[in-house]
2 protein chains.
Amino acid sequence: MGFDLDDMEALELWRRTLLAGIHRSAPDLSVRQTAILLCVYLTPPPHTVRGLAARLKISKPAVTRALDTLSGLGVLRRKADENDRRSVLVHRTVAGSVYLSEFAETIVAAGTGLGSEKSPGSDPGALF
Amino acid sequence: MGFDLDDMEALELWRRTLLAGIHRSAPDLSVRQTAILLCVYLTPPPHTVRGLAARLKISKPAVTRALDTLSGLGVLRRKADENDRRSVLVHRTVAGSVYLSEFAETIVAAGTGLGSEKSPGSDPGALF
DNA sequence: CCCGATCGTTTCGGTTCCGGATCAATTCTA
DNA sequence: TAGAATTGATCCGGAACCGAAACGATCGGG
């Protein structure tokens, strides 16, 4: 699985993806909201408010508000923990899977044909 | 330059990078501020307010305010256009190059060892 | 030399987000 | 079972951001 990415390609990948995301009419999430969404979908459950706050090193109210927004969009779902009813478990949704699939496609599309742009005379190690 | 990235790897790359960015004590830029910074550094000059606004499809005041923040951080510099003094040209700075170099390293670090995590039994095409 | 067009900025009103403190509900402990 | 601890939500004041509209400065055509 040759996965290689030099500094310039990394920045160009990021630029293209952000550009595509801003252009997209879909509700664009903030950095923290996106991070929460990715954590819920890519790391093993269970996911609680305090757990997400600790993992992202942000405050609990910030997580609560982000969950309000994300669940309002339908890409996430809150569910009471039956074993400890103080806790709230965060679950995935179909809409969230669709959203992230499209987001992944955006990133991949931004990365295609990225390694073949090196101008022959450029110093391969210099960024700027 | 074999650059390959499947959907799951793309999302995981994004998650790790966002996480590292949030943890970093450095002033975390918004999505649009980052996009402006990357456009200035990765696309050929000249860069004007209206040009950036058009490229990012955001309003001119949003660009002006982002330039206020970014130039305040020292990662960008405004300079009057001598040929057309209505225009403002946006230039790079050393601090900006340093900032983006570190950002690029963050992305690359998030991407290292990303392709060797496929569990053998997983359906390679299914995201969730 | 104007007068319209264009540029970036500022003003304005409104929305969103933040962290600390606080709260009610629930669980744990002595 | 009473009190301490924990969890998530809410309140609060402040900061950041947004787009539309208005503004001054500048350029260009007639």
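The values are calculated or read from the model by the stated rules, or taken from the named source; none is laboratory data. It should be emphasised that the depicted structure is a prediction, and the values quoted were computed from it without experimental measurement. Every residue, glycine as well, gets a Cβ built from its backbone with ideal geometry; the counts of neighbours run over all protein chains shown. Protein only, heavy atoms only, side chains kept; ligands, DNA and RNA dropped before computing areas. Shrake-Rupley method; radii C 1.70, N 1.55, O 1.52, S 1.80 Å.
3J(HN,Hα) couplings calculated from phi for the stretch B:31-44 with the Karplus curve 6.51 cos²θ - 1.76 cosθ + 1.60 (θ = phi - 60°) are, in sequence order, 4, 5, 4, 4, 4, 5, 4, 5, 4, 5, 8, 10, 10, x Hz; Gly and Pro show x. So, with a 1.4 angstrom probe, what is the percent of accessible area on the stretch B:1-82 that is carbon and sulfur? The C+S portion of the solvent-accessible surface of the stretch B:1-82 is 55 percent. Label-point spacing for B:VAL31 across the identical copies (point 7 Å from Cα in the Cβ direction), in nm and ascending order: 1.3. With the simple spin-label model, which puts each label point 7 Å out from Cα in the Cβ direction, the A:SER59 to B:THR69 separation comes to 1.8 nm. Sequentially through the stretch B:103-112, phi angles give Karplus couplings (6.51, -1.76, 1.60; θ = phi - 60°) of 5, 4, 4, 4, 5, 4, 4, 5, x, 5 Hz, Gly and Pro residues having no value and appearing as x.
Working note: Cα gyration tensor of the stretch B:28-110, eigenvalues times five, square-rooted, sorted largest first, giving semi-axes of 22, 14, 11 Å. Cβ-Cβ distance of A:SER97 and B:ARG24, R₀ of 25 Å, FRET efficiency by 1/(1 + (r/R0)^6): the value works out to about 0.30.
Residues whose amide H comes within less than 5 Å of that of A:SER87, counting only those at least five positions distant or on another chain, are A:ASP81 (H built at 1.01 Å from N in the peptide plane).
Net charge in the neighbourhood of B:ALA35 (other residues with Cβ under 12 Å of its Cβ; Lys, Arg +1, Asp, Glu -1) is +4. Other residues lying with their Cβ under 11 Å from the Cβ of B:ARG24 contribute a combined charge of -1, Lys and Arg counting +1, Asp and Glu -1. Each residue of the stretch B:84-96 was assigned a 3J(HN,Hα) from its phi angle through the Karplus curve 6.51 cos²θ - 1.76 cosθ + 1.60 (θ = phi - 60°); the sequence is 9, 6, 6, 7, 10, 9, 9, 10, 7, 9, 4, 4, x Hz, with glycine and proline shown as x. Solvent-accessible surface (1.4 Å probe) assigned to A:ILE107 amounts to roughly 0 Å². For the stretch B:28-110, the solvent-accessible area works out to 52 Å² per residue, with a probe of 1.4 Å and every protein chain left in place.
Considering every residue in B:54-64, what mean count of other chain Cβ atoms within 10 Å of its Cβ is obtained?
So the per-residue partner count for this stretch is 1.
Between chain A and chain B, roughly 4400 Å² of accessible surface gets buried, counting both sides and using a 1.4 Å probe.
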